[in-house]
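Student: Quick one: this structure, given as structure tokens, is what I'll be asking you about.
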């Protein structure tokens, strides 16, 4: 009798634990997971950008759910939340200044008209392109100025006064022009 009760108890415990093991085996790919939540939010932001005529483009603004889900699965939750905040700020700036009729950002650097997040995105994208040109041309420049880490450049562009960040872009460009006679690669 005791053995029978023990077997019944173990069987019940095994059935109760089954959903936990199934969820653990499934990982972060299902609905309700961080990658799903991130992708859903990112697609909603991309659609909002389109509805408001902001004109944003690139991987950050794609409406492809699977692209965003894969990105979130490869990055930390902190990186994802930072990315969501960046898009939110860019959307607030676009919608607040232009409503539904404006076609998007046409100018970036040197203008106080754009939000700090939009400028930081411009700065980081430009810095990464310049860092990649440094590598392609084998110029040999190194250090913080020449890292290809978008997030590091974004943080710098966000916290630094614009004239300093713009000066950094100009310094890198001048150095690249000196390397190999300024040929374009």
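What follows is calculated from the coordinates using simple rules that are stated; it is not laboratory data. Just so it is clear, the structure is predicted and the values come from calculations on it, not from any experiment. Positions of Cβ are generated from backbone atoms using ideal geometry, with glycine treated the same way; all protein chains shown enter the neighbour counts.
Student: If each residue of separation counts as 0.36 nm, what is the full-extension length gain between residue 159 and residue 63 once their alpha-carbon separation is subtracted?
Tutor: Full extension of this stretch gives 31.6 nm more.
Student: Right, here's the next one. Please order 3, 84 by the number of other Cβ within 10 Å, starting at the fewest.
Tutor: Lowest count first: 3, 84.
Student: Right, next: Which ordering of 34, 71 is given by a fewest-first count of other beta-carbon atoms within 10 Å?
Tutor: Ascending Cβ contact count within 10 Å gives the list 34, 71.
Student: For the pair residue 138 and residue 79, how long in nm is the line joining their label points, each one 7 Å along Cα→Cβ?
Tutor: Output for this residue pair reads 3.0 nm.
Student: If you don't mind, there's one more thing I want to ask. Could you put 121, 88 in order, starting from the residue whose Cβ has the fewest other Cβ atoms within 10 Å?
Tutor: By the 10 Å Cβ count, ascending, the order reads 88, 121.
Student: How large is Rg over Rh for the range 32-103, taking Rg from the Cα atoms and Rh as the Kirkwood inverse mean of 1/r across Cα pairs?
Tutor: Rg/Rh: 0.99.
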